[in-house]
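*Asks:* This is the structure I want to talk about, given as structure tokens.
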Amino acid sequence: MAGIGSSNYWEDLRKQARQLENELDLKLVSFSKLCTSYSSSRDGRRGDTSDTTPLLNNSTQDRMFDTMSVEIEQLLAKLTAVNDKMAEYTNTPGTASLNAALMHTLQRHRDILQDYTHEFHKTKGNFLAIREREDLLGSVRKDIETYKSGSGVNNRRTELFLKEHEHLRNSDRLMDDTISIAMATKENMTSQRGMLKSIQSRVNTLANRFPTINNLIQRINLRKRRDSLILGSVIGVCTILLLLYAFH
């Protein structure tokens with residue numbers, strides 16, 4: 001009964017880990033989309049020069065960023081705690097016979113946690129860098145517009161500077177889109193690699209656990225080949241006899 005209880009405890013931990021991993025995956029996808037769309041939305045807000053425009057630090061997307069950051073950090077902390085409990089379970093007495101399989105499962109969950117943590121910090125860093133850059137560019141743009149309105153002269157050099165600034169901003173947006181596509185491709189490749197490793201591990205485990213099945217399959221294949229050779233020989237002999245009978 002103790003073994004059954006311990007097994008149920010381990011399965012409960014695995015179920016919690018998978019649930020947290022699924023929630024983190026969805027949160028990180030939304031977090032990445034928020035980072036990608038942040039620059040363009042800031043451009044739209046910057047075009048509004050009325051007094052009713054909210055401050056950038058109080059914008060909806062900034063609040064969403066803060067909220068999602070806290071939620072993801074909480075999920076990462078919960079997943080870390082579950083992994084720690086799984087590690088403690090592998091060291092409990094009575095699990096020595098299953099230790100290899102348990103450690104393999106634990107390592108896979110640790111790798112997933114490490115990948116999610118790295119992705120979160122990278123996306124968060126990109127978001128903060130974009131926000132800092134947009135604040136700087138917005139300040140420069142505001143100074144230029146103030147200068148133009150104060151002087152009342154459309155300086156050719158200022159127009160060229162604004163065009164160059166627009167080109168740079170478009171280039172930055174294109175780079176951000178490319179980075180997002182690369183991150184999505186990496187996520188898919190990582191997921192596929194994990195699935196392939198899991199399938200290979202299960203096949204190897206079954207092969208090592210049931211060697212008799214492998215021997216039986218080999219014997220069946222050998223018998224099928226032998227029967228095919230015998231059948232082919234009989235057909236060949238019959239064909240030769242029919243030909244000899246036909247020509248005589």
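*Asks:* At R0 = 41 Å, how high is the FRET efficiency between Ile230 and Ala100 if r is their beta carbon distance? Nearest 0.05 is fine.
*Replies:* 0.35
*Asks:* Let me ask another. Given a Förster distance of 45 angstrom, what is the FRET efficiency for Asp111 paired with Leu243, based on the Cβ-Cβ distance and rounded to 0.05?
*Replies:* For Asp111 and Leu243, the calculated efficiency is 0.10.
*Asks:* For every other residue with a beta carbon closer than 13 angstrom to the beta carbon of Gly232, add +1 if it is Lys or Arg and -1 if Asp or Glu, then tell me the sum.
*Replies:* My count for the surroundings of Gly232 gives +2.
*Asks:* Another question, then. When Lys and Arg each count +1 and Asp and Glu each count -1, what net charge do the other residues less than 12 Å away from Glu23, Cβ to Cβ, add up to?
*Replies:* Once all neighbours under 12 Å are counted, the net charge is 0.
*Asks:* Next question. Which pairs in the list Lys124/Lys186; Lys27/Lys85; Lys78/Lys122 are over 26 Å apart, alpha-carbon to alpha-carbon?
*Replies:* none
*Asks:* Quote to one decimal, in nm, the extra length available between Leu196 and Met64 on full extension: 0.36 nm per residue of separation minus the C-alpha distance between them.
*Replies:* 43.9 nm
*Asks:* What are the lysines whose alpha-carbon lies under 22 Å from the alpha-carbon of Lys163, with same-chain residues fewer than 8 places away excluded?
*Replies:* Lys142, Lys148
*Asks:* Here's a follow-up. Take the Cβ-Cβ distance between Ala77 and His165 as r, set R0 to 35 Å, and report the resulting FRET efficiency rounded to the nearest 0.05.
*Replies:* It comes to 0.25.
Taken together, the values in this text are just the output of simple stated rules run on the coordinates, not laboratory data. Keep in mind that this is a model prediction, so the values were computed, not measured. Neighbour counts run over all protein chains shown; Cβ positions are idealised from the backbone, glycine included.
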